[in-house]
Structure formats: C-alpha cells, structure tokens
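Q: For reference, the structure I am asking about is given below.
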Amino acid sequence: PEDTVTSSFASFIHAARPEHLSQTVRQRSKRMILDSIGVGLVGSTTRVFDIALRYCRLYSSVAVSSVYGKPGVKLSPTLAAFTNGVATHSMDFDDTWHPATHPSGAVLPALLAASQMLPPNTKPTGLDFLLAFNVGLEVQGRLMHFSTEAHDIPKRFHPPSVVGTLGSAAATAKLLSLSSAQCCHALGIAASLAGAPMANAATQAKPLHVGNATRLGLEAALLAARGMEANPLILDDIPGCSGFSAFYSVYQPKPLPTPGEHHEFLLEKQDIAFKRFPAHLGMHWVVDAALSVRNLFINYAGSFCPSLIRTIMLKIPVSKYINRPFPSSEHQARHSFQFNACAALLDGEVGLGSFSESSIHRQELRELLDKVVVEHPEDNMANFDKMYGEVALLLHSGDVLTGKCDTFYGHWRKPLSKESLLKKFRSNASHVLPEGKIEAIITLVDNLETLSDSSQL
C-alpha cells in the first residue's frame, strides 16, 4: 500500500543518506555509541551477563561476532547481539531518551554483530554504521511520539522491548541495504517479536528486555532479507485490528517524511540523558537532591550525624515499580527512590559499589531507610521531562533542611561534558580492558565517519 504510515517509515529507512545527518546529530550519536560500549563492557562483569553468556554458548553455530569483555569469545550474530544487549542493561547504566526508552542498547549490539557477520567485500563503512544507528534512533523516537502514554514513566510495557525492537530492525535493515518493501516487512516481523511487561523491572529478567530487543530486531531484518513478509499496515491505526497500537492505550500514528535536503532528526532537537551511576534514571533526581541537603546538614552540624535526623521526607512522583522502601537485591536497589536517597546521604555519593550485597544490607543504611516517609505532590509528574526530586531532613531539634533537584547533571537539559563522558567510559572500560585498548576505542568512535570497515569496532 502507498501513502500509509508504515510505508512512510519503510521509505525513510531505505532513503536516508549520510548527508542527512547534521554535525550535531553525528556528535551526539557518537557520544551515545561510546557511552553504550563502556556500559556494555562494565556490564560484562555482572552475574546476569554470565547467565546469558552461558545460555548462548549452549548452541553451536557460526561464531563470528564478538562479546563485550570476553576476548576470544565469539557467538552467532543474533546471540552476540542478545548477550551484548543484556550486558548494556545489566546495571541499568545505559542512556535514556524522552519519551522514555533506552535507545542505544537496543540498536548498537545488533549493528556491531551484523557488521562482523557480513563478508569482507561487503563490510559497511563507519559512516554507513553511523547512519544505520541514527535510523534506529529515529524510528524509536517517532514511534514513541504516537502516544501520550509513552511520555510518562511506563506502567505496562518496558519501552525498549517495544520501540527498541523495531528500532533494531530498522537499523539493521539499513545496514543490510534492504529494499523499501523489505524494510516494511522487517518492521512488521519485529512487531510480532516485541513487548515485555514492567512487572519484571528490578529483577534479573529486565536486562533480557534490551537483549531481546536488539537480537529480535536483527532477526526480523534477516528474515525480511530472506523473503518473509508481514502486515504492511503494522504501524497504521486500523479499527478493529491492533497492530503496533496494541502496546499503547492512546495511539495516533503519523507518517515519517522521506528525508530531504532539510530533514531534521529527532536527536537534533532532543538530546540524550547519560547516567552518572548505575540505577534507574529517576534515581538521579533524588540522589542530587540528597547530596544537596547532605551538604546543608554538614554545614549545620559539622558532620553527617544520622542520630540528629527524625524523619527523611522524599517528595517524588507516583511510580509503583521504583517506590521500594526496603530493597533486598541489587536490582531492587537500582529501582528504589528510598535506597538511593539514603545511600547518597550516608556515603556522599552513589556508584558501582553502592549496589553490592554488603552495601545494601548495612545496618546504618537500614536505620536511615526506617526514617523515610514518601509524599507525592500533585505537581511532581511521573515524566522524565517534568519531574523533580526533593529530600527534606526533619531534625529532632525541629529544624528542617531541604534539597531539591529539577534537572540532574547528565539530563538532556544539563548534558555531561566531554570530560565527564570520557571519564565515565574510561572507568567502565577499565574493568575489562587495558588502557591502550580503551584509548583505541575512543579514537575509533571519534573518527567513525572515516573508518573503511566498521567491524573494527
């Protein structure tokens, strides 16, 4: 069918060219690629990654694609994409966009695996790779704008398992130079492979959402390349027959214009949030608010003395899966407003070590958690563009000290500096790579447009 929403997306994927990428889009997407690789490398040290890798190594297949943090280990392209996607989200350390999703982890592992899969004489260039990555981002962003529900912190489906699967399919279809019709079918196939419930947040199953998104999108593109067909109206709103609208309660799809001379990618207008510590994005507001009030408390009392505190008041938006008063595991702790606020108050920082078992179960931390009371002000919306975090310390003396954060450092309104992003990458990558290789990756990503063979990544 011509002139449908779905056909417009397929035409966009097929027609996008490197010259459509502005300098801003290129620079922002390279920051995302570098950060995502670093997050994947440190994620390869986690237990959930080890489980996923051991599962994938059960299968004998054409092992051509590399695995984060495991020199010499290769898997089939789809299983490598899956494993690396799990690594990327294993600590909830990966980037976040608005409307809410984790865009890089759903796309980058598929492109890395596919670039190694292709024969030597057909390897995509670095510029091809960068374009495919941005096509995958654009498709995710446009799909999220089809529903007002997608703008808020999710309640039903984990967004990267939905839009990320189609973004991975679109990116891989672009890297493989599929026809417009094949791109259309890749999106349709991917829609049948998409979706994961939010109930698995704060468990070891949550990283599988990103692993499956990138893997299944890659599979959808490979199936379409081999002739598999799907509903050519999958993104359209067809009364009485749910397609992609099955994932959203309010769905108003719009065509995606074919890129022309003045096409503007969403990444041009909407930057990305990079996390400073490995936890759900909402935690970054309460941590910055807690650090602010901690400084006030030290100025007030001379040191941080928990015995002077009667109540810790948190003012946060309503979001059930990240309101966890007493987390008992690292994954629950990464999704707990209460834990992250108290860890920041007690230690003056939140980092990788904050989520170890010994840190989570400290008696002094538990005593602080006992003092927490939560309020949900009406003006504090469950929306990453509008929410805030407020931490108030009600002291036994009757005094009240308050810290508030409207925009944390790393949010798209307050982006990480180049120095901060590089510091994060070097710190993450150093867990598995020597310094020379870390610097080589930084140089490769910085000069991605000039690479003749993107599989060098």
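Q: Keeping all protein chains in place and using 1.4 angstrom, which order do Ser147, Ser192 fall into by accessible surface area, from largest down?
A: Ser192, Ser147
Q: Same structure again: Relative to a virtual label point 7 Å from the Cα of Asp446 in the Cα→beta-carbon direction, which members of region 8-35 show backbone nitrogen distances below 19 Å?
A: Residues 23-35 qualify, since their backbone N sits under 19 Å from the label point.
Q: Under 8 Å for C-alpha pairs, at least 6 residues apart: give me the relative contact order for the chain, rounded to a whole percent.
A: Rounded, it is 21 percent for the chain.
Q: Lys437: which lysines have alpha carbons under 26 Å from its alpha carbon, excluding same-chain residues fewer than 8 sequence positions away?
A: Lys30, Lys70, Lys74, Lys123, Lys275, Lys418, Lys423, Lys424
Q: Top to bottom by accessible area (1.4 Å), largest first, where do His376, His335, His263 land?
A: Working: His376 80, His335 5, His263 35 Å².
The ordering from most to least exposed comes out as His376, His263, His335.
Q: Enumerate by residue number the chymotrypsin sites (Phe, Trp or Tyr not before Pro) in region 282-361 meeting two conditions: DSSP loop (anything except H, G, I, E, B), and at most 15 other Cβ atoms within 10 Å of the site's Cβ.
A: Within region 282-361, the qualifying chymotrypsin sites (Phe, Trp or Tyr not before Pro) (loop, at most 15 other Cβ atoms within 10 Å) are Phe304.
Q: Further question on the same structure: Quote the relative contact order of region 281-405 in percent (integer), defining contacts as alpha-carbon pairs under 8 Å separated by 6+ residues.
A: This gives 42 percent for region 281-405.
Q: Follow-up. Can you tell me the 0 to 90 degree angle between the C-alpha axis of helix 435-446 and the longest principal axis of the chain, rounded to 10?
A: 60 degrees
Q: Once you have a ≥ b ≥ c as the square roots of the Cα gyration tensor eigenvalues for region 198-255, tell me rounded if a/c is under 1.5, and otherwise prolate or oblate according to whether a/b is larger than b/c.
A: Numbers: a/c = 3.00, a/b = 1.19, b/c = 2.52.
It comes out oblate by the Cα gyration axes.
Q: Taking the Cα centre of the chain as origin and charging only Cβ (+1 Lys, Arg; -1 Asp, Glu), how large is the dipole, in debye to the nearest 20?
A: In total the dipole reaches around 920 debye.
Q: Moving on. Calculate the FRET efficiency for Lys269 and Tyr59 from the Cβ-Cβ distance with a Förster distance of 45 Å, rounded to the nearest 0.05.
A: Efficiency for this residue pair is about 0.60.
Q: Do the sum for the chain: with -39,500 (n - 2.57) for every DSSP H run of n ≥ 4, divided by all residues, what is the mean residue ellipticity at 222 nm, to the nearest 500 deg cm²/dmol?
A: Numbers: 17 runs with 212 residues, N = 457.
The helix contribution divided over the chain gives -14500 deg cm²/dmol.
Q: Please work out how much length the chain gains when fully extended from Asp3 to Thr407, using 0.36 nm per residue of separation minus the C-alpha to C-alpha distance, in nm with one decimal. Please report the intermediate quantities before stating the final value.
A: On the way: separation 404, 0.36 × 404 = 145.44 nm, distance 4.07 nm.
Extra length from Asp3 to Thr407 when fully extended: 141.4 nm.
Q: I'd like the distance separating the alpha-carbon centroids of region 397-457 and region 111-173, in whole Å.
A: Here the two parts' Cα centres lie 21 Å apart.
Q: Would you list the P(r) distribution for region 173-307, with all Cα-Cα distances sorted into 10 Å bins from 0 and each bin expressed as a whole %?
A: 9, 22, 30, 18, 9, 8, 3, 0
Q: Quick check: the angle from helix 126-144's long axis to the longest principal axis of the chain, C-alpha only, nearest 10 degrees?
A: Roughly 70 degrees between the two axes.
Q: Using a cut-off of under 12 Å, list every residue of region 397-413 whose amide N is near the label point 7 Å from the Cα of Tyr300 along the Cα-to-beta-carbon line.
A: 397-403
Q: So with the 1.4 Å probe, I'd like the accessible area per residue for the chain, rounded to whole Å². Don't skip to the answer; put the middle values down first.
A: Details: 17590 Å² over 457 residues.
Per-residue value: 39 Å².
Q: Taking a quarter of the surface of the Cα convex hull of the chain, what do you get in nm²? Mind dumping the intermediate values first?
A: On the way: hull surface 87.2 nm².
One quarter of the hull surface, i.e. the mean projection, equals 21.8 nm².
Q: If you don't mind, there's one more thing I want to ask. State to the nearest 20 debye the size of the charge dipole of region 189-309 about its Cα centre, where the only charges are +1 on K and R beta carbons and -1 on D and E beta carbons.
A: Dipole of region 189-309, to the nearest 20 debye: 560 debye.
Q: Work out how much length Ala15 to Ser397 would gain on full extension: take 0.36 nm times their residue separation and subtract the Cα-Cα distance, in nm to one decimal.
A: Stretched out fully, the Ala15 to Ser397 stretch lengthens by 130.8 nm.
Q: In addition: Radius of gyration and Dmax for region 155-238's Cα atoms, expressed in Å?
A: Reported Rg and Dmax, both Å: 12.9, 40.
Q: If a/c stays under 1.5 just call it rounded; otherwise compare a/b with b/c (prolate if a/b is bigger, oblate if not). Do that for region 113-194, with a ≥ b ≥ c from the square roots of the Cα gyration tensor eigenvalues.
A: The shape class here is prolate.
Q: Roll a 1.4 Å probe over the protein heavy atoms and report the accessible area of Cys241 in Å², nearest 10.
A: 80 Å²
Q: Once amide H atoms are placed 1.01 Å from N in the peptide plane, what residues at a sequence separation of 5 or more from Ile238, or on another chain, have their amide H within under 5 Å of its amide H?
A: Sorted by chain and number, the residues that satisfy this are Gly243.
Q: Over region 281-405, with every protein chain in place, what whole percent of the accessible area is carbon and sulfur at 1.4 Å, could you tell me?
A: 48 percent
Q: Convert 25 °C to kelvin, take the viscosity as 0.890 mPa s, use the Kirkwood radius over C-alpha pairs of region 281-405 as Rh, and evaluate the Stokes-Einstein diffusion coefficient in µm²/s, rounded to a whole number.
A: Reported coefficient: 172 µm²/s.
Q: Once label points are set 7 Å from the Cα along Cα→Cβ at both Glu419 and Cys241, what is their separation, rounded to one decimal in nm?
A: In this crude spin-label approximation the distance works out to 5.9 nm.
Q: Additional query: Using DSSP, restrict attention to beta bridges with both residues in region 281-405 and report what percent are antiparallel, rounded to the nearest 5.
A: Taking every DSSP beta bridge within region 281-405, about 75 percent pair in antiparallel fashion.
The values are calculated or read from the model by the stated rules, or taken from the named source; none is laboratory data. Just so it is clear, the model here is predicted, and its values are computed rather than measured. Neighbour counts run over all protein chains shown; Cβ positions are idealised from the backbone, glycine included. Ligands, DNA and RNA are excluded from the accessible area calculation, which covers all protein heavy atoms including side chains. Shrake-Rupley method; radii C 1.70, N 1.55, O 1.52, S 1.80 Å.
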